[in-house]
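The values are calculated or read from the model by the stated rules, or taken from the named source; none is laboratory data. Predicted model only: the values in this text are computed from it and were never measured. Cβ atoms come from the backbone with ideal geometry, glycine included; neighbour counts cover every protein chain shown.
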Amino acid sequence: MSENHPELIFVSGPQDGQRVVLSHPVAVLGREGGADIMLSEGFVSRLQARYELVRAGPVLENLSKRGTWINGKRYKAGKQILLETGDVIGVGQETQILFISAGDDPEAALAEYRKSVEAGAGRDAFGSRVQVGKQDVEPAAAAPEPSEPEEEEPFDEDSEQVEQKTIRPSEMTVAQRVKAESKARRRKVVIGLSIYLGVIVIGAIILKSVVGKQESKLRPMPKMMKSDEIVEAVRAPVSVPSINKSHMKERLDKALALYRQYGLELSHLYQCVFAFKEALAYSGKGYFKDPEHDEIYREVLDKLTEEIKDRYIHAYLQEQHQKWHKAEREFYRILEIFGDKESPLFKNVRDHYERVKHIRLQKEKRKKRRNLWGR
């Protein structure tokens, strides 16, 4: 039973039968290597959806322009949906995933789902009715029998169609000829404008594609660190030359003083955690003898870990959607909060920050040049 964590069970698609236990409060589902939960179907987006356990319960946020389906309803990018046991998530063209809340029995939920499928009750994740003994959508209605062709309605002699098709220019009145010539000129103008606008749009698309490829080549997007990698980097111990009780007491006093003065404020949270880590390293143990000190250390370490992880995922999604200003601010804030410059996390965040900053500056330069040309 999934007593402590929610669970995902793939019930259709290329991963049919696979199960994933959501042991972390945040997980990204997608087709690319940076996703926490890999989806193998080719029609799934690189970043399809984001799962997060919040106070209200388990929430799924759609990240894909292609949409994510839940119980027959399609949700657009940015939409968040509260999940409960029995909800069926649809992604791509055929991948369907059954959700089971923490504490509920996955086997019972799966049996209930299969029972409803076999009975042909309701619809699947994509809104298609499931037939008894089949997994196909309900068949289309039979095509109607061909009927006798309807008689054509007689032309209205006063209609524009008759005026264009039956009246020769030599037979037109002066008013009719003026009207026909005016309409022909309007048609030429509309066609010319349509061609002109079409050329502009196509040129803009080509230019954007070329510029995007150039930027991508110049500044390739660094990889996205997984949640486990972020947690490991934040919680990594520090190394010291040797065990030293006096240094241990000095670092512990510093950590406690920072905690009493600033609590869980982000501005001094990393300094507090680092002082605790140094105290542990100098003691040569993995925990503090005093339970109160150990509890405080776990509290500040958990707070720092969650802040860094949430901010990193949010910044990465902003970069993925080319919101350069927001991504730059988020990555810069992580560098301010987390000061371990030798950590792989710090180096990865710095690479992301330098990339989005470079792209933002290039875009601003091009915008200034366009404004100057426009004048």
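Within the stretch 316-344, how many residues are in a helix (DSSP H, G or I) and closer than 19 Å to GLN362 by Cβ?
Step one: list which residues in the stretch 316-344 are in a helix (DSSP H, G or I), which gives 316-320, 324-337, 344.
This time we only want the ones that are closer than 19 Å to GLN362 by Cβ, so: 318-320, 324-329, 331-332.
Result for the stretch 316-344: 11.
In the list VAL88, VAL20, VAL26, which residue meets the criterion of being within 30 Å of PRO222 (Cα to Cα), more than 18 Å from the chain's Cα centre (by Cα) and either buried (at least 21 other Cβ atoms within 10 Å of the Cβ) or not assigned by TED's automatic domain parsing to the domain that holds ILE313 (or both)?
Values: VAL88 fails: within 30 Å of PRO222 (Cα to Cα); VAL26 fails: more than 18 Å from the chain's Cα centre (by Cα).
Exactly one of VAL88, VAL20, VAL26 is within 30 Å of PRO222 (Cα to Cα), more than 18 Å from the chain's Cα centre (by Cα) and either buried (at least 21 other Cβ atoms within 10 Å of the Cβ) or not assigned by TED's automatic domain parsing to the domain that holds ILE313 (or both), namely VAL20.
Name the single residue, out of those in the stretch 215-272 being buried (at least 18 other Cβ atoms within 10 Å of the Cβ) and of a type in the set (Ser, Thr, Tyr), that is nearest to LYS363 (Cα to Cα).
For the stretch 215-272, the residue satisfying everything is SER227.
Rundown of residues vs (1) surrounded by fewer than 21 Cβ atoms within 10 Å (Cβ to Cβ); (2) over 12 Å from the mean Cα position of the chain (by Cα), yes/no style:
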position	(1), (2)
ALA35	no, no
LEU39	no, yes
GLY42	yes, yes
ARG46	yes, no
ALA49	no, no
ARG55	yes, yes
GLU61	yes, no
SER64	yes, no
THR68	no, no
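Looking for whichever is more than 26 Å from PRO344 (Cα to Cα) and touching a Leu at 6+ places or on another chain (Cβ under 8 Å) here; the options are TYR287, TYR270, TYR262. Which one fits? Give the steps one after another, and end with the answer.
Details: TYR287 fails: more than 26 Å from PRO344 (Cα to Cα); TYR270 fails: more than 26 Å from PRO344 (Cα to Cα).
So the residue among TYR287, TYR270, TYR262 that is more than 26 Å from PRO344 (Cα to Cα) and touching a Leu at 6+ places or on another chain (Cβ under 8 Å) is TYR262.
So which of ASP294, ASP302 is under 28 Å from LEU53 (Cβ atoms), over 36 Å from the mean Cα position of the chain (by Cα) and without any contact (Cβ under 8 Å) to a residue 12 or more places away in the chain?
Values: ASP302 fails: over 36 Å from the mean Cα position of the chain (by Cα).
Among ASP294, ASP302, only ASP294 is under 28 Å from LEU53 (Cβ atoms), over 36 Å from the mean Cα position of the chain (by Cα) and without any contact (Cβ under 8 Å) to a residue 12 or more places away in the chain.
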